[in-house]
Amino acid sequence: MSESVGTRAIIFCMSRPNARLFALSLACLLSAAPAPAEDPQDFWNSPALATPYRPSLSEDERVAGLSRLWAEVKFNFANFDLVPDLDWDALYMAYLPRVRQETSTLAYYRLLMEMVAKLRDGHSNVFLPNELADETYADPPLRTAVIEGRPFISRVLAASLEAEGFRPGLEIVAIDGIPVKQYAETRVAPYLSASTPQDLAVRTYEHFLLSGSVSAPVELTLQPASGEAFRRKVARLPDAEWSRLGVTTPPLELRMLPGNIAYVALNRFGNDAAAEQFEARFEEIAKADALILDVRNNGGGNSSVGYRVLACLTDKPFQTSRWHTRDYRPTLRAWGEAEGTYGGDSEKVQPSGTRLFTKPVVVLTGPRTFSAAEDFAVAFDAMKRGTIVGEPTGGSTGQPLTFKLPGGGSARVCTKRDTYPDGKEFVGVGVQPQVLVRPTIEDFRAGRDTVLEAALELLKKQP
C-alpha cells in the first residue's frame, strides 16, 4: 500500500527529535491535507446525484438514484424489525431491470415510490419533482373522508359543483368506471408509504384518491343515501388554483360547549402558532370546568409545540417518548459483532409554571393523528392526566433523513424509533384510546360527531 504525503510527514516527524524539524514537518502535513468541508453534510450530499428535472433521465441517472435510495435505507432505516419478511437487497435487485427499462421520469419515480412503500413506514417516502406535481397531484375541489372503509365526499369547495349535485355525504362507488376499491388498491395504494392499515386508508381514500393529471377530468359515480347512483365529471385543479380557494385550517380553534366545557382543536404543530394561541387564550380556557383537546386532524410538525400545551395541564415535570437509532460501526461489523443502538431516556418537560389547568381533560385522536401529534398523545397518556377517546392514531413518528435524487425529486427515510417512556410500542400500531369510538356512516351523513359526543358523555359522568 503506498504512503500518502501526510503519512510520510508523520513518519518523518516521529524519527527526528529536533523541534524545528517537527514544526516544519507538521506545517508540511497540514498544507498537504485537504481543507475540512465547511458543512459536514457536504460529504453525503454531493451535487452529482442531484441532477435537475428532465422528462427523461439517462440510464446511469436512474440506476444511481435507485442505488442511493437503496443505500440510505439499508444503513439508516430504523424499523426493519417491523417488516421482517422484507429482503431489501432482493428488492433492489428486482427493481434494477425495471428502472433500466423505464425512461420516463414520472414512471421512474413511481417505481421508486412503489419500492419504498414496501417498507410500510409513513416517514419513509419518495417525492416527485415539482415539475410533475400538476401531472400527478392535481385534485378536484372536493374533500373526502373514509368511514367504515368507504369513501364519502366530506366537503365541496366550489359553488359550481354544488349546483351540479355534489354535496357532503355522497358515497364514491366508482372512479372512471372502475369500482372504487379496485381503483384504490391498484392505482393509488401501491405507491403510498404507510405505517398501519388506518394510516394507509387515510392516505389512499382521503389524500390521494382523486389525484391525477390536471389535463384529465375525473369521472365519479356517486351514491346518495337513498335513490339511484349518478355520474359526474369534475376537473382537477392545478396547485396555483388551489391556493386561490383559500382552503386553510387555523392552527387552533376554540369554542365553548354546553356544560362549560372548552373545546380546543389543535390542528397542526408545523410552527409555534398552536402553542402560542393556546397560551394567549389560557385565561379564557381556564374558566371552563373541563377541557377537550382535539388532535384528530393534526398531521404533526414539531413535537415541542404540543408539549407546550401539555405543560399547562400539570404542575410536575412529565416524560415524553423514549427514542433510539441504529448505531452502525464498520469496524465492529468487520469483527463480526452485531449492530447496536444509540439513544437515551425520554425527555422531561417542565410545567409551565405560570399556567395550570387542573380540571378534567379528554384528548380526541384518530387515524389522521400523525407524527408529532402522536408524540403529544403518548406524553398525555403517560402523564395519566386524562382519557383518550376516539380511534387509534396513524402509528408513525420519528426523525426522517431527507436527500435529493437525480431528476429533481427527493426521498426521506425514518432514522429514529420512538416508544412510550416505559418502552411500550406505538409505531406500527398507533396510540390506542382508552375509549374506542368509531364514526359510523349513518352518523357521518347526519352530521353527527360521534367521537366528540362520546367525550362529552364521559365528562358528564366525572365528578
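Worth pointing out:
- Single residue of the range 318-351 satisfying the filter (touching a Lys or Arg at 6+ places or on another chain (Cβ under 8 Å) and within 24 Å of Arg281 (Cα to Cα)) that is surrounded by the fewest Cβ atoms within 10 Å (Cβ to Cβ): Pro351
- Leading residue by the ranking (surrounded by the most Cβ atoms within 10 Å (Cβ to Cβ)) among those in the range 128-164 that are of a type outside the set (D, E, K, R) and part of a helix (DSSP H, G or I): Leu132
- Odd one out for Ala159, checked against (1) modelled with pLDDT of 95 or more; (2) more than 28 Å from Thr365 (Cα to Cα): (1)
- Residue check for Asn130: polar (S, T, N, Q) and within 21 Å of Tyr95 (Cα to Cα): no
- Restricting Thr369, Thr365, Thr354 to residues that are surrounded by fewer than 18 Cβ atoms within 10 Å (Cβ to Cβ) and either hydroxyl-bearing (Ser, Thr, Tyr) or closer than 23 Å to Pro433 by Cα (or both) narrows the list to Thr354.
- Which listed residue, of Glu283, Glu219, Glu241, Glu253, is assigned to a helix (DSSP H, G or I), surrounded by 13 or more Cβ atoms within 10 Å (Cβ to Cβ), out of contact with any helix residue (DSSP H, G or I) (no Cβ under 7 Å at 6 or more places or on another chain) and not aliphatic (A, V, I, L, M): Glu241
- If the condition is being within 30 Å of Phe75 (Cα to Cα), within 21 Å of the chain's Cα centre (by Cα) and surrounded by fewer than 19 Cβ atoms within 10 Å (Cβ to Cβ), then the range 422-463 contributes Lys424, Glu425, Gly428, Val429.
- Residue list for the range 294-353, restricted to those being part of a helix (DSSP H, G or I), of a type in the set (Ser, Thr, Tyr) and in contact with a helix residue (DSSP H, G or I) (Cβ under 6 Å, 6 or more places away or on another chain): Ser303
- Selection of the range 354-365 for residues being touching a helix residue (DSSP H, G or I) at 6+ places or on another chain (Cβ under 7 Å) and of a type outside the set (Phe, Trp, Tyr) yields Arg355, Pro360, Val362, Val363, Leu364, Thr365.
- Among the residues of the range 236-251, at least one is closer than 30 Å to Gln462 by Cα, within 29 Å of the chain's Cα centre (by Cα) and in contact (Cβ under 8 Å) with a residue 12 or more places away in the chain.
- If you check Asn297, Asn271, Asn260 for being surrounded by fewer than 19 Cβ atoms within 10 Å (Cβ to Cβ) and in contact (Cβ under 8 Å) with a residue 60 or more places away in the chain, only one passes: Asn297.
Rundown of residues vs (1) buried (at least 18 other Cβ atoms within 10 Å of the Cβ); (2) in contact (Cβ under 8 Å) with a residue 40 or more places away in the chain; (3) small (Gly, Ala, Ser); (4) not in a helix (DSSP H, G or I), yes/no style:
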site	(1), (2), (3), (4)
Leu91	no, no, no, no
Pro97	no, no, no, no
Ala107	no, no, yes, no
Met113	yes, yes, no, no
Val116	yes, yes, no, no
Val126	yes, yes, no, yes
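- Taken as a whole, the range 60-77 holds at least one residue that is at pLDDT 50 or above, in a loop (DSSP other than H, G, I, E, B) and closer than 23 Å to Arg326 by Cβ.
- First in the range 179-200 and buried (at least 19 other Cβ atoms within 10 Å of the Cβ), second anywhere and among the basic types (Lys, Arg), Cβ under 7 Å, 6 or more apart: Tyr191/Arg110; Leu192/Arg203; Ala194/Arg120; Ala194/Arg203; Ser195/Arg120
The values are calculated or read from the model by the stated rules, or taken from the named source; none is laboratory data. Predicted, not measured: the structure shown is a model, and the values here were computed from it. Backbone-built Cβ (ideal geometry, glycine too); neighbour counts: all protein chains shown.
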